[in-house]
Amino acid sequence: QVQLVESGGGLVQPGGSLRLSCAVSGSGFSIYAMAWYRQAPGKQRELVATIISSSTTVYAASVKGRFTISRDNAKNTAYLQMNSLKPEDTAVYYCNQAHGLFPWGQGTQVTVSS
């Protein structure tokens, strides 16, 4: 069964950067479109970024130009580089297959605050 382990979150000041990682166990990683989601307190989980291949990515309007999704198929790992962070980016961040088909991991907390 596929397992997802997110890491790299933390407390950062507005304008700062973080790089999140998502390690995916199991085989077949390279064939899956992967995505990052986030869930803020009291809000529904929302899709942040999707990577279909190394050259095909899609971003939510709220993060476009600030976040970059990438993947390393040799390491079964997806990444989310987050720059120019804002307080409204505060949330628990999760990765999953682009349609959320895998069991969800524990996520990683990102807090943007001065």
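Worth pointing out:
- Heavy-atom accessible area per residue - segment 36-114, 1.4 Å, Å²: 52
- Gaussian network model of the chain, Cα within-10 Å springs - most flexible of L11, L80, L20: L11
- Taking the chain as a Gaussian network of alpha-carbon nodes connected by springs under 10 Å, the highest mean-square fluctuation of the residues I51, I31, I69 belongs to I31.
- Sequence-distant aspartates and glutamates (8 or more away, or on other chains) whose Cα lies within less than 17 Å of K43: E88, D89
- Whole-percent pair-distance distribution, where bins are 5 Å wide, for the alpha carbons of the chain: 2, 13, 25, 26, 19, 10, 4, 1, 0
- Global size of segment 12-77: 13.1, 38 Å for Rg and Dmax (C-alpha atoms, Rg to one decimal, Dmax whole).
- Distance from the C-alpha centroid of segment 63-93 to that of segment 42-57: 9 Å, rounded to the whole angstrom.
- Rounded percent of accessible protein surface that carbon and sulfur make up, the chain, 1.4 Å probe: 50
The values are calculated or read from the model by the stated rules, or taken from the named source; none is laboratory data. If you're wondering where the values come from, they're calculated on a predicted model, not measured in any experiment. When the accessible area is computed, the model is the full protein with side chains, heavy atoms only, and any ligands, DNA or RNA have been set aside. Shrake-Rupley method; radii C 1.70, N 1.55, O 1.52, S 1.80 Å.
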